[in-house]
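Take this structure, written in C-alpha cells, and hold onto it; I'll ask about it next.
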C-alpha cells in the first residue's frame, strides 16, 4: 500500500484521490479550505460527478482515504505528493500559478523526508522547473525530492471512467528513477505510459486540448458554411468521421465549447507563444470562432423575434456540458449576459447546475423542469445537451410557450420533425427543409457569363 498525498480537492484532486484509493493505496487528501474538508468528512462532495460519492464513501470506510487541512499530517508518511490545485486564467490569458506556488512552498516548509512531487494541474511549460526552485528555496534544511509532470486528461461527467481507463499516462521528469516510480503507480490502469522530459509532458497537455478545441471550432466553421449552402453538418461530420485519419470525436457543431479547460488552455498556449515571439494565428482563430458561435444564438433569436427587449427567453441547460454542474465559462453565461443587455427576461433550467448558476447569475428565474421552463417563453434555447432534453414531450413544450421559437444550440432535435410540429426551429448548420437552393446558388455559369 503506497502512501500518497493529494493537494487540492477540486475536480482533479478529489477524483485522483478517490481513484488511487480504490486501486489500494492509502490517500490523504489535503485542502486549505476547511469547509470543503468538513463537508467531505460528512460525505458531501465538492463537485457533481457520477459515481464519485459512492467511491469516496467506500474508500473512507475501508480506511484508505482521509481528509485534512494540515500539511504536516498529510505529508507525514507520504512518498508521493500530487499537486492538484486550480490554475485559473490570469489577466492577459496566462495561467495564474498562485495556488501552485502556495502548495509548493507549504510542501517545502514541512517535508522532512524524500518526496516525489507530481504536478497534476495543467500548468505552463516550464512550471516543473519553477516548482523545483520554489521547493529548494523554501526548505528549512535540504531534503531530496524530484518533480514529475503527470498532466490530467479527465473529462467532467466521465472523470472516474477516464482515470481508470486512460488512453495514455504522460510522465515527464529530469529524474528517470522518479518517473519510473510514478509509472508504477499507474501500472494497474494497463494503459500506455509515455515518459519524457518535464517541458514536453507539460506541452502534451496544452497541445492536446488545443487540438480538440480546434476540431470543435473547425466543425462550427463548416456548420456556418453548411447553413449558407443548404447542407446538413451532422451528415457532413458523419461522412468525415468514417475516414480513419479523422474519426468522429469532437465533430459536434453547435454553440461552442466552454468549461474550465479548453477556453483557459487555448488562451494560455496562445499567451505562451506570443511572449516568446511566435504568432499563434490558428489558436486566435479557434477562440474567435468559439466566441462567434455563442453570439450566433442572439442573432438567430433576433431573426425570429426582432427586438428582444421585453421578450422572455428560456435557457435549456446552464452547465458547459451534460453530466456536470460546472458552469465555468459556460456558453449559457455569455448568452444570458447578452440577452440581459438587450432587455430580455431570462428563465433557465438545468438538472444539476442551478445552485452553481445562482451564485454567479442574477435576475434570472429558475424553473423546476423543462416543462415549467417553457411557460410563457417567447423562445427556448438548447444550451446544454442533457439526455432528458432529448426525450421531452415537445407538443407539451410548444403549448406552454407564448411563441414556439426554438433555437437548438446543440443540434439535438430533428429539424423536419420540429417544423412539422409547428416550431419556428433554428439549429446550427442543419441546411434547409426543402429542395430549394439558397438564394444566389448555384452561381452563374462562368462560360455563359463570358458569352453574354
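Since every read-out is calculated from the coordinates, none of them should be taken as a lab result. Predicted model, so just to flag it, every value in this text is computed and none were measured. Positions of Cβ are generated from backbone atoms using ideal geometry, with glycine treated the same way; all protein chains shown enter the neighbour counts.
Are any residues in the range 359-368 under 18 Å from residue 385 (Cα atoms) and without any contact (Cβ under 8 Å) to a residue 12 or more places away in the chain, and if so, which ones?
none
Another question, then. Going through the range 50-85 one residue at a time, which ones are surrounded by fewer than 20 Cβ atoms within 10 Å (Cβ to Cβ), under 19 Å from residue 326 (Cα atoms) and touching a helix residue (DSSP H, G or I) at 6+ places or on another chain (Cβ under 6 Å)?
Selection gives 51 alone.
Which number in (1) surrounded by 19 or more Cβ atoms within 10 Å (Cβ to Cβ); (2) within 15 Å of residue 411 (Cβ to Cβ); (3) touching a residue at least 60 places away in the same chain (Cβ under 8 Å) marks the one condition that residue 267 misses?
Result: residue 267 passes all but (2).
For the range 332-358, give me each residue that is free of Cβ contacts under 8 Å to residues at least 40 places away in the same chain and surrounded by fewer than 19 Cβ atoms within 10 Å (Cβ to Cβ).
Within the range 332-358, 337, 340, 341, 343, 355, 358 qualify.
So, in the range 225-249, of the ones that are surrounded by fewer than 18 Cβ atoms within 10 Å (Cβ to Cβ) and under 25 Å from the mean Cα position of the chain (by Cα), which residue ends up farthest from residue 327 (Cα to Cα)?
245
Quick one: count up the residues across the range 194-231 that are part of a helix (DSSP H, G or I) and touching a strand residue (DSSP E or B) at 6+ places or on another chain (Cβ under 8 Å).
7
Right, something else. Determine which single condition residue 292 fails, assuming it passes every other condition in (1) surrounded by 22 or more Cβ atoms within 10 Å (Cβ to Cβ); (2) assigned to a helix (DSSP H, G or I).
Only one criterion in (1) surrounded by 22 or more Cβ atoms within 10 Å (Cβ to Cβ); (2) assigned to a helix (DSSP H, G or I) is unmet by residue 292, namely (1).
On to the next question. Hey, residue 47 hits all of (1) in contact with a strand residue (DSSP E or B) (Cβ under 7 Å, 6 or more places away or on another chain); (2) under 28 Å from residue 354 (Cβ atoms); (3) surrounded by 14 or more Cβ atoms within 10 Å (Cβ to Cβ) but one; which does it fall short on?
Among (1) in contact with a strand residue (DSSP E or B) (Cβ under 7 Å, 6 or more places away or on another chain); (2) under 28 Å from residue 354 (Cβ atoms); (3) surrounded by 14 or more Cβ atoms within 10 Å (Cβ to Cβ), the lone unmet condition for residue 47 is (1).
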